[in-house]
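What follows is one structure encoded as structure tokens, with my remarks underneath.
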Amino acid sequence: MTMLLAIAGFEVRQRLHRISTYVYFAVFLVLAAFFILAAGGAIPNAAVDFGTGGKVDINSPWSLAMLMTLIASFTVVINAAIAGRATHQDVDANVTPLLFTRPITRAQYLGGRFLGALGVLVLLSLAIGLGAFVATKLPWMPAARVGPQRFAAYAVPYLLVVLPDLVLMASVFFALAVLTRRMLPVYVGAVVALLGYFIGVNLTGDVERRTVAALVDPFGLMAIDSVTHYWSIAEKNTRLLGLQGDFLWNRLLWTALAVAIFGFTYRRFSFSAPVAPAARAAPEVPPEDRTPVAVPRARLDFSSRASRGVFAGLVGLQLRETIKSVFFGVILLAGVLFIASTAPAIGKLYGTPTYPVTRQVITVVAGSFAIFILMVLTLYAGELVWRERDAGMAQIYDALPTPRWAVMSSKLTALLGIVAILLAVVVGAGVTIQAAKGYFHFELGLYLRSLYGISFVLFACLCALAVLVHVLVDQKYVGHFAMVVFLALSLLFPVMGVEHHLLRYATVPAHPYSDMNGYGHFVAPLFWFELYWVAVALALAVVAHLFWVRGTPQTFRERWREARARLDRRSGALFGAALAVAVCAGAFIFWNTNVRNPYRTRFSRDEAQAQYEKRYKERFGALPQPKITAVKTRVDIFPAERRVEIDGVDTLVNRTDEPLEQIVVRLSPRATVRGVHFPGGQETLISDGETGVHAFRLRQPLAPGASTELAFRVSYLNPGFENDGSDTRVVQNGTFLNGDYLPGLGYFRQQELADDETRRKHGLGPRERALDLDDPAAPATNYIAHDADRIQFEATVSTSADQRVVSPGTLEREWTENGRRYFHFVERRPIFHYLAFLSARYVVEHDRWNDVALEIVHHPDHTYDLPSMRKGMKDSLAYFTRAFGPYQHPVLRIVEFPGYATFAESFSSTIPFSESIGFIAQVEKGRPDAIDYPLYVTAHEVAHHWWGHQVLSADSQGMTVLVETLAQYSALMVMKQAYGPRVMRRFLRYELDRYLSGRSGEKKKELPLLRVEDQGYIHYSKGSLVMYALQDLIGEDAVNRALREVVEGYGNKGPPYPTSRVLLAALRRHTPEQFQYYLTDQFEQITLYENRVTSAKASKRADGKYDVTLELDTRKTQADALGVEHEVPLHDWIPVGVLDARGEALVLEPRQLGGSHSTITLVTEGVPARAGVDPLNELIDRIPEDNLMPVTVAP
């Protein structure tokens, strides 16, 4: 024991004498403090959020657990350097023969080295908690973000996560160094370990694979997410992380693996030196057969041609030495496994994948694989630069008459070859995934353009930087660390406000690919930014060539003098040309991004919104404005130029009781205003292009009840290109303009900053998201548009000759004039001021339902899901007409638009539908519970023609219940009718996950469904659960009768608009007395259940039926806005059921359960397989997995 401690102490002491140890400590400390400060709002320009925003304290147990685990997982490189070097330093210093002859045991040597390295790592990791604690005490940390300090909040994640992670990773890296006596496999192990984490990240987004994600992550972050995924704000602020569920299994699995690895290492280690395989003896040649051999005379050739030959030979040598290594094979295998883990995630929605179209495969596979390539690039840059020195051959190699440029360039080229090989793996894997899924439209050209035309170029720039770093640092492990720090800072630059791609090395603006529009207008910025960074990288490569180490290592001052001496005419010309290209390209980029277009960071964009509120809320917020009653407009779309010209006339009516003198016209800040005119003239008071506010004083005030006209002409120009935030609404094929491109009136509350933390950074106080439900002023305006009720609409829209326009209304006329196509649309009945114009090279599929013309206007190649959409349109029209009343238009259209956004939206008779969420879905026809989400989304959007277009709610709390929740319910009924309860069970499980996840991430307050403030997780997901359970409880017909009453009372009318109380009152009228509690619980309270089945037994009766006896534990709680819960009495009607082996319900019925424990018996005609409580996931239960269990059938 004394010797073991002595060796461990020696290891700790010698580490404490190294400056790198203190650098590591400082990095951990600063990183933890930065994350706490940035996430807490102490750094105005920073936007960091790892789930700690809003009401979650920055030093809460949950916040600290996530922070400490996240930072600990990304210190794996430091762990590898310290744990791996613990024994490799002996090999590196050639002292193993001396040490191995000393009288020490394996346990002493291995244990001492390991404990010493682990002790240093433990000391370093203390910096994480220290940095987090110090940050909370700094004076610029907002006090509101810091909760009570608890020692346990810091200690628990340290003991349960950080320390076990250190032991695991140290065991792996120590074992690899001991068994191979090389550092390369140690760093390969670090790459593989990080891949385990990223595989977990890929898997955790799907509720059906969250347990697998928790187990494969060696660092435990996904396991923590699994067990805390549904924690409320209150739980995150108070509850300590515990060993439970997936987190417990994760810790047991990886801790056992660490022990096994160390045990294996102990058994395999030997003090003997590795024995090289004996060389085969050359055969003896008889003397009589020996003949003189003429030795060719060496010819020295230092010509350029010979140098190029040497360069080519060195490239081949460096590349062969790399790729034939078993460790490179391990990396490739790990990469392939990583890609395989991403395959199920390609385009999934509600568990249903998309067809693996090439753009989706590239986005998911290559996007995830990029981090893997960065790790390999960082690792092998050092290996290539240090290869000869690591082999002890540097002095001999450097003495050879090989041109310096050939040596350096060959290593850089070999590194580029490695990247090219990895990208080829991506191409091969992508094509394999497509073929395996039965998709053979590979689009190899798109693979090449995306992976080699864009990704490879940027990786090549990083290769040049990595080589330069290792040349300048001249210490391999410090060079690795420096590159890791650079890559980490590159990720942090945007959140710190450094967003311009001219300043972020080897980055380019976002360039999404669309099947409809290709790369479109993103090609130009891609070319210029790539040219800029390639020129910069070439200059860096020249610097690396000048500083290349050759011979005995020197001080940096000596190297500087030598580099200056090496700067000859050729190097200088190349360096100067690279800088000239970089400067010229950079100047052209700056002219486009900062002169022709306004450059704004995220902070400055938020500041513009803050200024809008500061300047105009007090002045115009309560200023009465007229209402728009008619819109007649002409829209000219020029797709090739990405230009739109709009002129028109809006009819305005004064519906107030006083004359109106000032009119505030609201336009998009992107608009170029050509003219705004009122009859009789006007005086311009404000013309603020930054916020889009234009205020006028009428020369003739508008009397009560009088009308006037607003004539306008605006242009939308897209000159050059932008750094980021390009307008993807106006594109070369797939333009999608909405009402934001047309004038609005008055102060627009939705333009204010919504997030309270962001508001604080910009000098604004907290803001309520909506008017109170019972505010008497709310019914006067609808929540879609304050400046209009129902309007008359007419539009003439032109586009290029090869495109087609779609807009709300009936297409009255279509013609071609001067090489352009024109379309005249007229809406035959008043509609809400909610407009859209779409233009693309479309094909149209026609159909009919009764007297309604059906159209699906789509990209020619996207025909996969047209049958589902067509069925969704017909089934929806049939169901909704029967249940709620007639459809109000002669036509119903679905129109595809590019996948720059992933939503569908319902305008009058027209439903724009993203190419990414409906046109390429691959519904698994052979799977009984496959979710046909193209049909679901279609039904939801068609339902908005009742909920949103016929009935529109008041602008107050609960506003989206009448629109989104009822559209959800309507779509669910169409799904249930088409596919049955088995599909609904799976769909509702996803909705339950979305609701519980959403309330866990709530940043302000959760309110009951009746008072929802446009929170999607409430009005969509909770609304689905509540309404589906309600129709099961009181009957579908009863719910539909109540909804029909709402349509009859408020459909196709103006103010006063209904609030959610109108809906609740209608439902109460059709709900029996014994179920009234459900409406109170689910609409007026936040109610949760804890239901589980503890026993399920069945016995066969004499008549062939089965008695199934269930033991149930049930509990009901109610929560406040922050998630603080209290138990309430349970006397509820809760669904119970029995399923057969196929998952079909044998019996499903509500039973009134009271108390915490119940025993019930159900009778089935078929053989029971599983049974339990709430089998369809209708109630809000955070652990739905224990609702069902296998039935034990008595013999």
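Since every read-out is calculated from the coordinates, none of them should be taken as a lab result. What you see is a predicted model; the values in this text were computed from it and never measured. In this analysis, Cβ positions are derived from the backbone assuming ideal geometry, glycine residues included, and neighbour counts consider all displayed protein chains.
Observations on the model:
- Between Phe442 and Lys1003, residue separation times 0.36 nm minus the direct Cα-Cα distance comes to 197.7 nm.
- Here the Karplus relation 6.51 cos²θ - 1.76 cosθ + 1.60, evaluated at θ = phi - 60°, turns the backbone of region 738-752 into coupling constants of 10, x, 5, 8, 10, x, x, 10, x, 6, 10, 4, 5, 7, 6 Hz, with x for every Gly and Pro.
- Likely footprinting exposure, Glu208, Glu1185, Glu645, fewest C-beta neighbours within 10 Å first: Glu1185, Glu208, Glu645
- Rounded to the nearest 10 degrees, the angle from helix 556-566 to the longest Cα principal axis of the chain is 90 degrees.
- Note on Ala6 and Glu683: the extension gain reaches 234.9 nm, defined as 0.36 nm multiplied by sequence separation minus the Cα-Cα distance.
- Summed over qualifying helices (DSSP H, 4 residues or more, each -39500 (n - 2.57)) and divided by its residue number, the chain shows a 222 nm mean residue ellipticity of -14500 deg cm²/dmol.
- Region 1018-1133: C-alpha gyration tensor shape, a/c 1.5 cut-off, then a/b vs b/c: oblate
- For Lys324, the lysines whose Cα falls under 27 Å of its own Cα, not counting residues fewer than eight places away in the same chain, are Lys411, Lys476.
- Net charge over other residues, Cβ less than 14 angstrom from the Cβ of Thr629 (K, R count +1; D, E count -1): -1
- The phi torsions of region 189-199, fed into the Karplus equation with coefficients 6.51, -1.76 and 1.60 and a -60° offset, translate into couplings of x, 5, 4, 5, 4, 5, 4, x, 5, 5, 4 Hz, rounded to whole numbers, with Gly and Pro shown as x.
- Loop sites in region 170-256: chymotrypsin sites (Phe, Trp or Tyr not before Pro), DSSP, at most 13 other Cβ within 10 Å: none
- Considering only Leu1146, Leu337, Ala312, and ranking their Cα positions along the charge dipole of the chain that arises from unit charges at the beta-carbon of Lys, Arg, Asp and Glu, the one farthest toward the positive end is Ala312.
- At R0 = 56 Å, FRET efficiency that the Cβ-Cβ distance of Arg674 and Trp249 yields, to 0.05: 0.30
- Proxy reagent accessibility, fewest Cβ within 10 Å first, across Asp865, Asp727, Asp568, Asp1174: Asp568, Asp727, Asp1174, Asp865
- Formal net charge of residues neighbouring Ser63 (Cβ-Cβ distance under 9 Å; K, R +1; D, E -1): 0
- Relative contact order (%) - criterion: Cα under 8 Å, at least six apart; region: region 306-596: 20
- Computed from point charges on the beta carbon alone (+1 for Lys and Arg, -1 for Asp and Glu), the dipole magnitude for the chain about its Cα centre is near 4120 Debye.
- Violating pairs (Cα-Cα greater than 26 angstrom) within the set Lys236/Lys761; Lys348/Lys976; Lys761/Lys1004; Lys137/Lys1003; Lys236/Lys348; Lys976/Lys1100: Lys236/Lys348; Lys976/Lys1100
- Theoretical FRET efficiency, 1/(1+(r/R0)^6), r = Cβ-Cβ of Arg619 and Glu1111, R0 51 Å, to 0.05: 0.15
- On a per residue basis, the convex hull of the C-alpha atoms belonging to region 805-963 measures out at 144 Å³.
- Cα-based helix-to-principal-axis angle, 245-268 vs the chain, degrees rounded to 10: 10
- For Asp1140 and Gln1074, the difference between the fully extended length at 0.36 nm per residue and the C-alpha to C-alpha distance is 20.7 nm.
- Environment charge of Leu502, counting only residues whose C-beta is closer than 13 Å and scoring Lys/Arg +1, Asp/Glu -1: -3
- Here the alpha carbons of the chain define both size measures, Rg and Dmax, at 34.3, 126 Å.
- For region 8-43, the residues whose amide N sits under 13 Å from a probe point set 7 Å from the Cα of Leu130 along the beta carbon direction are 21-33.
- GluC sites (Glu not before Pro) restricted to region 697-768 and DSSP loop, no more than 12 other C-beta within 10 Å: Glu768
- Amide proton proximity set for Ala853, modelled H, under 5 Å, gap of 5+: Val891, Leu892
- Counting neighbouring Cβ atoms within 10 Å and putting the fewest first, the residues Ser956, Ser1095, Ser270 line up as Ser270, Ser1095, Ser956.
- Under-5 Å amide H pairs with Thr656, H placed in peptide plane, nonlocal only: Gly705
- Förster-model FRET efficiency, 35 Å R0, Gln700 and Asp851, C-beta, rounded to 0.05: 0.15
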